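Here the structure is laid out as structure tokens; the discussion comes afterwards.
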Amino acid sequence: MKKTALIYCEGHFGTMDGKTANGLIRSSRKYEIAGVIDSTKAGMDSGECLEGKNNGIPIFESLEHAVKMLPLLPNHFIYGIAPAEAFLKEDERKIIMKAIELKMEIINPLHEFFTDDAEFLNHSIQYGVGLHDIRKPVPSKDLHLFSGRILNIQTPVVAILGTDSAVGKRTTSVILEAALLEKGLKVAFVATGQTGLIQGAKYGVAIDAMPLQFMIGEIENEIMKAYDDENPDIIIVEGQGALSHPAYVSSCGIVRGSRPGAVIIQHPPKRTNLGDFSFMKMPTIESEIQLVESFSSAKVIAVTINHENMTDEEIENVVTDYEEKLELPTTDVLKHGCGKLISSLFELFPEIEGKTNKVLSN
């Protein structure tokens, strides 16, 4: 049985900084989401707000409003914002304290660790609830350096990279995983960020919170755990940031640690500047492909579109334009599914197509 949860996403649900909440609404293996807190969208259905179709998960004005309206109080409180500054505001601290007093377990995806905060820790002990710092790494003695074991596995590894942070790499990864599972394949998904872990990924680590010395080894180790435990037909690795991004090194570690045989790149065509660094221009999809293929031995086999601020007609035009210009299959998985991606994977890795139990459909 899934745990129940209420997500806090004040002022950010459906936006770039609300990506943790957005991701949990789209997919959550671990939690049954009872509602979202965002006073700017209170009264709306979260599915209608996010995808244009109802999912029955309401948006509340406040924690007090949620407590009043829900028939049962969820047993977990998830902070669902991924702010650029990565730290709580004072009013948010008060909301966390109130959630603790309601005896809700606190799920914290920030770089600010609640278990290191004396006020939070003492309050949680007083009310008998847990604080769960998703990004907090294990002690260095338990981390892994790169071993080279991954060089000897034959299982195809595909990395879902992108041209910026919060462009939908994790969403595409999860949707592709589900589509491949539907074909009867054994699929292992390796999360590399806090949201994927909160969603319930069996394998993964929040790599942007650990010492750089261990990043590559930790990614390799998670892939090898999946390989040893499940002998999967294919392994999907979630990307972080972008290889070209001036402020992040996560994609570098992911490429080095996962040694992908194929890369899919996610790109938002209407985004002109980097999401958290508006003073910097977005890279082009062409430049990112060139960089990825220069940095790794993998080929980019497809492009996926983030349709933020795009009409359906614009999406269709971009897909046509990219396929002609880049000579790569291009799709929007939220709108059109994963048929093109799966066809590309089967073409590159024909051995996995023979393990399917269903006919591929576009």
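The values are calculated or read from the model by the stated rules, or taken from the named source; none is laboratory data. Because the structure is a prediction, the values reported are computed rather than measured. Note that each Cβ is placed from the backbone with ideal geometry, even for glycine, and that neighbours are counted across all protein chains shown. We work out accessible area using only protein heavy atoms, side chains counted, and drop any ligands, DNA or RNA first. Shrake-Rupley method; radii C 1.70, N 1.55, O 1.52, S 1.80 Å.
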Members of region 122-167 found to be touching a Lys or Arg at 6+ places or on another chain (Cβ under 9 Å) and either without any contact (Cβ under 8 Å) to a residue 24 or more places away in the chain or closer than 26 Å to TYR79 by Cβ (or both), listed by number: TYR127, GLY128, VAL129, ILE160, GLY162, ASP164, SER165, ALA166, VAL167
LEU341 being outside any helix (DSSP H, G or I), open to solvent by less than 90 Å² (accessible area, probe 1.4 Å) and touching a helix residue (DSSP H, G or I) at 6+ places or on another chain (Cβ under 8 Å): no
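Considering every residue within region 51-68, establish whether at least one is aliphatic (A, V, I, L, M), open to solvent by 50 Å² or more (accessible area, probe 1.4 Å), more than 22 Å from SER28 (Cα to Cα) and outside any strand (DSSP E or B). Walk me through how you get there before you give the answer.
Going through region 51-68, the residues aliphatic (A, V, I, L, M) turn out to be 57, 59, 63, 66-67.
Remaining after also requiring open to solvent by 50 Å² or more (accessible area, probe 1.4 Å): 67.
Subsequent filtering for residues that are more than 22 Å from SER28 (Cα to Cα) retains none.
Within region 51-68, not a single residue is aliphatic (A, V, I, L, M), open to solvent by 50 Å² or more (accessible area, probe 1.4 Å), more than 22 Å from SER28 (Cα to Cα) and outside any strand (DSSP E or B).
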GLY261 being farther than 28 Å from THR155 by Cα, small (Gly, Ala, Ser) and either at pLDDT below 95 or touching a strand residue (DSSP E or B) at 6+ places or on another chain (Cβ under 7 Å) (or both): no
Condition broken by HIS111, with the remaining ones in (1) touching a helix residue (DSSP H, G or I) at 6+ places or on another chain (Cβ under 7 Å); (2) modelled with pLDDT of 95 or more satisfied: (2)
Yes/no for ILE207 being among the β-branched types (Val, Ile, Thr) and more than 21 Å from LYS30 (Cα to Cα): no
Residues located in region 1-34, provided they are on the phi > 0 side of the Ramachandran plot and crowded, with 17+ Cβ neighbours inside 10 Å: GLY14
Given (1) buried (at least 23 other Cβ atoms within 10 Å of the Cβ); (2) more than 23 Å from the chain's Cα centre (by Cα), index of the condition SER46 fails: (2)
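How many residues does region 293-343 hold that are of a type in the set (A, V, I, L, M) and more than 17 Å from PRO268 (Cα to Cα)?
Here is the first cut: in region 293-343, the ones of a type in the set (A, V, I, L, M) are 298, 300-303, 305, 310, 315, 318-319, 326, 328, 333-334, 341-342.
Checking the rest, the ones that are also more than 17 Å from PRO268 (Cα to Cα) come to 298, 301, 341-342.
Of the residues in that region, 4 qualify.
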Only listed residue being open to solvent by less than 50 Å² (accessible area, probe 1.4 Å) and out of contact with any Cys (no Cβ under 9 Å at 6 or more places or on another chain), chosen from ASP208, ASP233: ASP233
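Residue-by-condition table, conditions (1) at pLDDT below 95; (2) under 26 Å from GLU308 (Cα atoms); (3) among the basic types (Lys, Arg):
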| site | (1), (2), (3) |
| --- | --- |
| GLU177 | no, yes, no |
| LEU181 | no, no, no |
| THR192 | no, yes, no |
| MET210 | yes, no, no |
| ASN221 | no, no, no |
| MET224 | no, no, no |
| ILE234 | no, no, no |
| GLU238 | no, yes, no |
| SER244 | no, yes, no |
